[in-house]
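One structure is given here, and the rest of the page talks about it.
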């Protein structure tokens, strides 16, 4: 039986795109047990993430997408731990805006499975907020990590470069809302929600063009 758990670390910094900058707080999700872990979205503060890992072996740094606030600490964390940085290739143009001289170490692909501490996470390609946005479904933990694709109250923002509202709606409808209703949605910012809480609101999101 797996002893895997989910730890949440909140880090603070800035999000910058299209010439604007905003102060943000990000969720860094750590999935693992007492010996090994995955980090989902290495945001802002590599030292804080290292402290939260507490000496565990870091197997990978998984990027849900390549907006700077989700990847700014990834190279430093990789250097400190030797863990590879994994990103969907469709987000390389965004990645290069933040890290022009340091490529990711590996690619994420739809349907790919990552395993840590006896738990399997399946990569779901969910474009819309960003072309290479992914979610990570961990059925054994009754959880989906959605990055900035789905939040409590609706889809992630689509008003800036590389984003597209109809695409994010398709991703949420086709890839996320069919997951078991009790699935906990652990988001890139803010508090978790559930598939059951969000699914009834799809038509409302479409009508308001979020």
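Annotation: extensible slack from residue 23 through residue 207 equals 63.3 nm (criterion: 0.36 nm per residue apart, minus Cα-Cα distance).
Stretching residue 14 away from residue 35 to a fully extended chain increases their span by 4.4 nm, per 0.36 nm per residue minus the current alpha-carbon distance.
If each DSSP helix of 4+ residues adds -39,500 (n - 2.57) and the sum is divided by the residues in the chain, what number results at 222 nm, nearest 500 deg cm²/dmol?
Estimated from H runs of four or more residues: -5000 deg cm²/dmol.
Taking 7 Å steps out from each Cα toward its Cβ at residue 199 and residue 164 produces label points 2.7 nm apart.
Starting from the Cα-Cα distance between residue 3 and residue 182, subtract it from 0.36 nm times their residue separation and give me the gain in nm to one decimal.
Going from the current span to full extension adds 62.4 nm.
Look at the alpha carbon pairs under 8 Å that are at least 6 residues apart: their mean separation over the length of the range 1-151 gives a relative contact order of 18 percent. GNM remark for the chain: springs join alpha carbons under 10 Å apart, and the peak mean-square fluctuation among 136, 53, 150 falls on 53. Using the alpha-carbon centroid of each, what span in Å lies between the range 140-154 and the range 19-56? Measuring centre to centre over Cα atoms gives 17 Å. Look at the alpha carbon pairs under 8 Å that are at least 6 residues apart: their mean separation over the length of the range 101-210 gives a relative contact order of 22 percent.
Looking at the chain alone, DSSP beta bridges between its own residues are antiparallel in about 70 percent of cases. Let a ≥ b ≥ c be the square roots of the eigenvalues of the Cα gyration tensor of the range 56-210; is it rounded (a/c under 1.5), or, if not, prolate (a/b larger than b/c) or oblate? Since a/c reaches 1.5 but b/c is at least a/b, the shape of the range 56-210 is classed as oblate.
Expressed in Å, the radius of gyration and Dmax of the Cα atoms of the range 1-130 are 14.1, 49. Structure remark: mean-square fluctuation, Gaussian network model of the chain, C-alpha springs under 10 Å; the largest value among 34, 23, 91 belongs to 23.
Any read-out appearing in this document is the output of simple, stated calculations on the displayed coordinates, not a laboratory observation. Just so it is clear, the structure is predicted and the values come from calculations on it, not from any experiment. Every residue, glycine as well, gets a Cβ built from its backbone with ideal geometry; the counts of neighbours run over all protein chains shown.
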